[in-house]
Amino acid sequence: MKKEHIPNALTFGRILVIPIFILILSVWDSLASHILAALLFALASVTDYLDGYLARKWQVVTNFGKFADPMADKMLVMTAFIMLVEIGVAPAWIVAIIICRELAVTGLRLLLVENGGTVLAAAMPGKIKTFSQMFAIIFLLFHWQLLGTMTLYIALFFTLYSGYDYFKGASYLFKDTFK
């Protein structure tokens with residue numbers, strides 16, 4: 001495989017992990033299966049960093065990568081949160097807020113591109129949100145309930161804060177909304 005294809009292959013691999021992750025948590029309900037799912041999720045999470053790093057380093061950023069990388073991240077994280085509700089280790093109300101925020105920010109990104117081509121880059125609160133969400137998922141799958149729950153609430157805070165931050169920065173798009 002050519003090195004310029006590696007970042008996109010990592011992204012595609014992250015998408016392919018999702019059904020395996022679901023299968024592991026759906027078919028077997030044991031601590032061992034949860035740990036296996038946590039390790040698989042952790043590996044997939046590392047590729048989230050690695051694909052972007054390699055694409056920038058090798059200057060092989062592609063339209064596929066720009067589209068698929070954030071989509072793969074959201075698909076993986078949302079799937080994991082839904083499965084955490086299914087296995088009874090995460091409250092559905094927190095997961096619902098996280099998913100709604102992800103959908104709202106994705107919609108905002110589309111609106112920004114449509115209204116002038118602005119690309120909404122990830123700001124530090126959004127990066128902390130992603131980092132804390134991923135660790136909360138891993139900790140909860142390991143059944144480290146206290147640490148997982150604390151990290152989940154940190155993730156919830158940064159989910160809300162970063163969503164507010166993105167919408168505040170793009171508030172000019174909505175200036176005529178309530179006239």
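Reported count of residues in segment 112-159, each being touching a residue at least 60 places away in the same chain (Cβ under 8 Å) and farther than 27 Å from L39 by Cα, is 1.
Among the residues in segment 54-61, are any free of Cβ contacts under 8 Å to residues at least 60 places away in the same chain, part of a helix (DSSP H, G or I) and touching a helix residue (DSSP H, G or I) at 6+ places or on another chain (Cβ under 8 Å)? Yes, segment 54-61 has at least one match. Looking across segment 74-101, just one residue is of a type in the set (F, W, Y) and either buried (at least 16 other Cβ atoms within 10 Å of the Cβ) or in contact (Cβ under 8 Å) with a residue 12 or more places away in the chain (or both), and that is F81. A search for C-beta distances below 6 Å between a residue of segment 18-47 that is surrounded by 12 or more Cβ atoms within 10 Å (Cβ to Cβ) and any residue that is charged (D, E, K, R), counting only pairs 6+ apart in sequence or on different chains, returns A44/R14; T47/R14.
For D69, indicate whether it is of a type in the set (D, E), within 24 Å of L160 (Cα to Cα) and assigned to a helix (DSSP H, G or I).
Spelling it out, D69 is indeed of a type in the set (D, E), within 24 Å of L160 (Cα to Cα) and assigned to a helix (DSSP H, G or I).
Among the residues of segment 111-140 satisfying the criterion of being out of contact with any helix residue (DSSP H, G or I) (no Cβ under 8 Å at 6 or more places or on another chain) and at pLDDT 85 or above, which is nearest to T79 (Cα to Cα)? Show your work before the answer.
Restricting attention to segment 111-140, the residues satisfying the condition of being out of contact with any helix residue (DSSP H, G or I) (no Cβ under 8 Å at 6 or more places or on another chain) are 113-114, 116-117, 121, 124, 127, 131.
Filter once more, so that each one left must be at pLDDT 85 or above: 124, 127, 131.
On the way: M124: 23, K127: 19, F131: 16 Å.
Restricting to residues being out of contact with any helix residue (DSSP H, G or I) (no Cβ under 8 Å at 6 or more places or on another chain) and at pLDDT 85 or above, the top hit is F131.
Please tell me if L173 is over 19 Å from the mean Cα position of the chain (by Cα), surrounded by 15 or more Cβ atoms within 10 Å (Cβ to Cβ) and of a type outside the set (V, I, T). Yes. The selection criterion, being closer than 27 Å to F174 by Cβ, in contact with a Phe, Trp or Tyr (Cβ under 6 Å, 6 or more places away or on another chain) and assigned to a helix (DSSP H, G or I), does not hold for V77.
Every listed requirement among (1) modelled with pLDDT of 95 or more; (2) under 18 Å from D48 (Cα atoms); (3) not charged (D, E, K, R) is met by H143 save one, (2).
The residue list I98, I137 contains one member that is farther than 27 Å from G169 by Cα, within 12 Å of the chain's Cα centre (by Cα) and in a helix (DSSP H, G or I), which is I137.
For segment 48-58, taking the residues that are farther than 18 Å from V77 by Cα and either surrounded by 15 or more Cβ atoms within 10 Å (Cβ to Cβ) or among the aromatic types (F, W, Y) (or both), the one that is farthest from the chain's Cα centre (by Cα) is identified as W58.
Would you point out which residue out of K66, K74 is closer than 18 Å to M134 by Cα and of a type outside the set (A, V, I, L, M)?
Numbers: K66 fails: closer than 18 Å to M134 by Cα.
None of the other options fit; the residue is K74.
Scoring G88 on the criteria (1) within 17 Å of H143 (Cα to Cα); (2) outside any helix (DSSP H, G or I); (3) in contact with a helix residue (DSSP H, G or I) (Cβ under 9 Å, 6 or more places away or on another chain) leaves a single failure, condition (3). Name the residues in segment 32-69 that are at pLDDT below 90 and closer than 13 Å to I15 by Cβ, would you? Matches in segment 32-69: D48, D51, F64, G65, F67, A68, D69.
The values are calculated or read from the model by the stated rules, or taken from the named source; none is laboratory data. Nothing here was measured: the structure is a model prediction, and the numbers come from that model. With ideal geometry, Cβ positions are generated from the backbone for all residues, glycine too; neighbour counts draw on all protein chains shown.
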